[in-house]
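Notes for the one structure printed next.
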Amino acid sequence: MDQSNEIKKQFFSISEVAKMFGVNASLIRFWESEFSILKPQKNAKGERRFVQKDIEDLKLIYYLVKTKGFTLEGAKESIRQKADVAEFRQKMQALESLKEIKVFLVNLRDSLIDQPL
């Protein structure tokens with residue numbers, strides 16, 4: 001299947017999100033209570049439904065708290081002041097570009113391997 005035609009999932013459950021980040025669902029719920037930028041939708045049963053923006057916000061929170069070692073207050077202040085947000089976004093864009101290049105190179109390698117000499 002061509003990647004450009006790939007259907008992307010719209011909503012993610014809290015367990016799916018927790019698995020993405022390798023953390024417990026309770027940490028996601030805690031971060032939701034601590035960070036005002038994180039506002040997942042809830043269905044009629046009250047189950048959280050995370051959209052892509054929520055995932056991006058969680059990536060930022062994870063980056064600040066887990067990767068850079070910020071305290072919760074430090075991460076909140078950084079988000080409020082937009083400090084580190086631009087750096088994070090640039091790193092995420094670079095990472096996505098590298099992933100796309102890797103897929104291209106793997107596909108190229110595979111097509112060359114399949115070609116007779």
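Taken over the range 45-59, the criterion of being surrounded by fewer than 19 Cβ atoms within 10 Å (Cβ to Cβ) and not in a helix (DSSP H, G or I) is satisfied by K45, G46, E47, R49, V51.
Filter the range 96-117 down to residues that are surrounded by 10 or more Cβ atoms within 10 Å (Cβ to Cβ) and not in a helix (DSSP H, G or I), then give me how many there are. Residues that pass the stated criteria total 0.
Any chance you could count how many residues in the range 26-53 are of a type in the set (D, E) and touching a residue at least 40 places away in the same chain (Cβ under 8 Å)? Write out each step before concluding.
Taking the range 26-53 and keeping what is of a type in the set (D, E), we get 32, 34, 47.
Pick out the ones that are also touching a residue at least 40 places away in the same chain (Cβ under 8 Å) and you get 34.
Total meeting the criteria: 1.
Would you check if there is a residue in the range 60-79 being open to solvent by 40 Å² or more (accessible area, probe 1.4 Å), modelled with pLDDT of 90 or more, under 18 Å from F12 (Cβ atoms) and not in a loop (DSSP other than H, G, I, E, B)? Yes: the range 60-79 contains one or more residues that are open to solvent by 40 Å² or more (accessible area, probe 1.4 Å), modelled with pLDDT of 90 or more, under 18 Å from F12 (Cβ atoms) and not in a loop (DSSP other than H, G, I, E, B).
Determine whether K42 is surrounded by fewer than 11 Cβ atoms within 10 Å (Cβ to Cβ), in contact with a strand residue (DSSP E or B) (Cβ under 7 Å, 6 or more places away or on another chain), of a type in the set (K, R) and at pLDDT 90 or above.
Working: surrounded by fewer than 11 Cβ atoms within 10 Å (Cβ to Cβ): yes; in contact with a strand residue (DSSP E or B) (Cβ under 7 Å, 6 or more places away or on another chain): yes; of a type in the set (K, R): yes; at pLDDT 90 or above: yes.
Here the answer is yes, as K42 does meet what is asked.
Annotation note: of M20, M92, the sole residue that is in contact with a Leu (Cβ under 9 Å, 6 or more places away or on another chain), among the hydrophobic types (A, V, I, L, M, F, W, C) and open to solvent by 60 Å² or more (accessible area, probe 1.4 Å) is M20.
The values are calculated or read from the model by the stated rules, or taken from the named source; none is laboratory data. Treat the numbers as computed from the prediction; the structure is a model and nothing was measured. A quick note on method: Cβ atoms are made from the backbone with ideal geometry, for glycine too, and the neighbour counts reach across all protein chains shown. Note: accessible area is taken over every heavy atom of the protein model, side chains too, but ligands, DNA and RNA are not part of it. Shrake-Rupley method; radii C 1.70, N 1.55, O 1.52, S 1.80 Å.
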